[in-house]
Amino acid sequence: MQRIMIWNPGRECLSRKEYDAMKLERLKWTVRRAYENVPFYREKFDAIGLKPEHIQTLKDIEKIPYTTKLDLRDNYPFRLFAEPMNKIVRLHASSGTTGKPVVFGYTKHDMKVWRENISRIAAMAGVTADDIAQIVFGFGMFTGGFGLYQGLENMGVTVVPSSSGNSERQLMFIEDFGVTVIVGTPSYVLHLGELAEERALKHRLRVGMFGGEGHTAEMRKQIEKLWGIECTENYGLTEVQGPGVSGECLEHDGMHFNEDSFLYEIIDSDTLEVKNPEEEGELVLTTLTKEGVPVLRYRTKDITSINFAPCRCGRTSARMSKVKGRSDDMLIIKGVNVFPSQIESLLLGIPHIGPHYEIIVTRKGYMDQLEIKVELADSSLLESYGELEALTAKIREKVKSNLLLDAKITLAEPKSLERYVNGKAQRVHDLRNQ
Ligand code: DLL
């Protein structure tokens, strides 16, 4: 078996006690800086009579109010910065499509930590300096492209920063450069895999590092089959850094947190109470080293749970489970709670249909209507009306028996449903409030 390196054993293999001590010290530092340098936090603290010195244990974090996306937006562009602009070396912005984005600044030290965090997750995926990695995440204000690039380069990996789009060129590089690692959103890598198969592309890819969006086990199987690679997944968000918050090792049993950089909590999205982190709930993150924009108790809306058991890979850092969905992605259709990932799981098990779909929810009078547009895997079925009917009925039945919802199923021609923003697939269209 290939020997996989742990990038920084001194940080990835601590005892729980050592992690907690380090986290407390860093939390105190972060809280004090946020209070002293960011009026938004000072006002929030003052409103409830909270002072930085009231944070004496990790549990004391519960005294601090949550921070939401709206809070961040209200402080556009730089009001959350804890350092003057001459200490900021990079700006990134969240990828919201409407209204003002949220802007984040990184100091030189923040960039160093970020590079380190990415190097760790890449090593988890089995990437080494011998690899050639093609990054098909968008490069720009999105943190995906630049975030992964700097950490891979830091390891000595040969980086091909091809960014997203222009699929034919992507395939040419993969083949001609002997690329061994592909880094991008799972939906885009799947799309490239379909094109590669059509062209019988010869390649040396062996590892996929995915992130920026979730993917189901079924989708992973399809990608592995198409490319013949081992898939790993990474999690992160612009609000606390970008990619590098957590990453999956080759044991494939959750994503290891960079615990020295981020403090995690799990809360109930409705009652806002802190839960046992091993139970499923909304992830709340606090930065522990961030100088540019420290963030306290940010509600990510991502639904996950934490596993503290040491991993077979040798790391002891806690792992988060695959993100089940976002609490604000959860659709309530005719009273039934549905995560898009549940629909994806159902669809990907059905032969003849491709991995691309759209979920459209509308309202007629008081009644919710669910439509699922599903792309056919190939055009051969288009010639037989009977087969199309049978396939539609099959999908409808599967949705009905699993989700107890009657959906209108529309089959779409192959390759008619692709839409990406920063390489992330846009799949859910909830039109009920329009
Ligand atoms: O997507 C950062 C990133 C880039 C992570 C590349 C990993 C790789 P944002 O654009 O701010 O940042 O989007 C963050 O994307 O709150 C999740 O809802 C979702 N997300 C990111 N990674 C995963 C994942 C980047 N592995 C938002 N599984 C997060 C599920 C993910 N959802």
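Tabulated data for the structure shown
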{"read-out": "Conditions (1) in a strand (DSSP E or B); (2) within 13 Å of the ligand (Cβ to nearest atom): number failed by V295", "value": "(1)"}
{"read-out": "Contacts under 8 angstrom Cβ, first residue in region 240-253 being buried (at least 24 other Cβ atoms within 10 Å of the Cβ), partner small (G, A, S) and part of a strand (DSSP E or B), 6 or more apart", "value": "G242/G236; P243/G211; P243/G236; G244/G236; V245/G236; S246/G236"}
{"read-out": "Residues of region 282-292 that turn out to be aliphatic (A, V, I, L, M) and assigned to a loop (DSSP other than H, G, I, E, B), as a count", "value": "1"}
{"read-out": "Residue, modelled with the lowest pLDDT, within region 399-415, restricted to residues that are part of a loop (DSSP other than H, G, I, E, B) and out of contact with any Lys or Arg (no Cβ under 9 Å at 6 or more places or on another chain)", "value": "K415"}
{"read-out": "Filter result (outside any strand (DSSP E or B), open to solvent by 50 Å² or more (accessible area, probe 1.4 Å) and in contact with a strand residue (DSSP E or B) (Cβ under 6 Å, 6 or more places away or on another chain)) within region 421-434", "value": "L431"}
{"read-out": "Pairs where the first residue, in region 181-206, is over 10 Å from L226 (Cβ atoms) and open to solvent by less than 10 Å² (accessible area, probe 1.4 Å) and the second is of a type in the set (D, E) and modelled with pLDDT of 95 or more, C-beta under 6 Å, 6+ apart", "value": "V181/D131"}
{"read-out": "Failed criterion for S163 (all others in (1) more than 15 Å from the ligand (Cβ to nearest atom); (2) open to solvent by 20 Å² or more (accessible area, probe 1.4 Å) hold)", "value": "(1)"}
{"read-out": "E218 vs. criteria over 22 Å from M330 (Cβ atoms), open to solvent by 30 Å² or more (accessible area, probe 1.4 Å) and not small (G, A, S)", "value": "no"}
{"read-out": "Those residues of region 195-239 which are away from the ligand (no atom under 16 Å from the Cβ) and closer than 14 Å to E344 by Cα, in sequence order", "value": "K221, Q222"}
{"read-out": "Condition met for E213 (under 27 Å from E265 (Cα atoms) and surrounded by fewer than 24 Cβ atoms within 10 Å (Cβ to Cβ))", "value": "yes"}
{"read-out": "Lone unmet requirement of (1) more than 15 Å from the ligand (Cβ to nearest atom); (2) modelled with pLDDT of 95 or more for L192", "value": "(2)"}
{"read-out": "Hits in region 255-280 - residues which are within 16 Å of the ligand (Cβ to nearest atom) and surrounded by fewer than 22 Cβ atoms within 10 Å (Cβ to Cβ)", "value": "Y264, E265, I266, I267, S269, E280"}
{"read-out": "Hits in region 31-77 - residues which are hydroxyl-bearing (S, T, Y) and either touching a Gly at 6+ places or on another chain (Cβ under 7 Å) or at pLDDT below 95 (or both)", "value": "T68, Y76"}
{"read-out": "Condition met for E418 (more than 16 Å from the ligand (Cβ to nearest atom), at pLDDT below 90 and not in a helix (DSSP H, G or I))", "value": "yes"}
{"read-out": "In region 51-90, the residues that are buried (at least 16 other Cβ atoms within 10 Å of the Cβ), within 16 Å of the ligand (Cβ to nearest atom) and outside any helix (DSSP H, G or I)", "value": "T67, L80, R90"}
{"read-out": "Count of residues meeting criterion [in contact with a Ser or Thr (Cβ under 9 Å, 6 or more places away or on another chain), over 14 Å from I343 (Cβ atoms) and either open to solvent by less than 70 Å² (accessible area, probe 1.4 Å) or free of Cβ contacts under 8 Å to residues at least 24 places away in the same chain (or both)] in region 391-419", "value": "4"}
{"read-out": "Counted residues, region 111-153 - those being surrounded by fewer than 19 Cβ atoms within 10 Å (Cβ to Cβ), more than 10 Å from the ligand (Cβ to nearest atom) and part of a loop (DSSP other than H, G, I, E, B)", "value": "5"}
{"read-out": "Qualifying residue in region 208-217 (condition: over 23 Å from M141 (Cβ atoms) and more than 13 Å from the chain's Cα centre (by Cα))", "value": "yes"}
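The values are calculated or read from the model by the stated rules, or taken from the named source; none is laboratory data. Given the structure is predicted, the values throughout are model-derived calculations rather than measurements. No Cβ is skipped: glycine too gets one built from the backbone with ideal geometry, and neighbour counts run over all protein chains shown. Calculation scope for accessible area: heavy atoms of the full protein, side chains included, ligands and nucleic acids excluded. Shrake-Rupley method; radii C 1.70, N 1.55, O 1.52, S 1.80 Å.
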